[in-house]
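Taking it in order: structure first as structure tokens, then the write-up.
Just so it is clear, none of the values below were taken in a lab; they were calculated from the coordinates. Remember, it's a predicted structure, so these values are computed and weren't measured experimentally. As a convention, Cβ positions derive from the backbone with ideal geometry for all residues, glycine included, and neighbour counts pool all protein chains shown.
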Amino acid sequence: MVGGTDMEKTGHLHIRLGALLEEKKLSKNKFSQRAEMQRTQLNKYINNDVALLSVDVLERICSVLDCEVSDLLEFKRED
């Protein structure tokens with residue numbers, strides 16, 4: 001319950017970082033160095049195991065991959 005009302009889960013954000021790394025043929029090691037991310041943090045983003053998204057991290061990811069946020073994040077509706 002948030003703010004006194006029930007909030008139904010209508011979907012979730014899917015982080016497409018793993019797919020983008022494959023598309024760009026970029027290794028995790030090289031990417032983590034360029035994006036200044038720890039491997040554990042990188043793996044959490046790849047495995048969609050992130051509770052809070054950091055704007056700073058998203059900016060670094062998009063800068064290194066030369067992509068838009070919309071390329072990285074996908075909203076998947078619950079069926």
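State the percent of C-alpha pairs, over all pairs in the chain, separated by a distance greater than 14 angstrom.
Summing the P(r) tail past 14 Å for the chain gives 64 percent.
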The simple spin-label model distance between Arg77 and Val57, using points 7 Å out along Cα→Cβ, in nm, is 2.8
Straight-line reach check, Lys30, cutoff 25 Å on alpha carbons, 8 or more apart in-chain or any other chain, hits among lysines -> Lys44
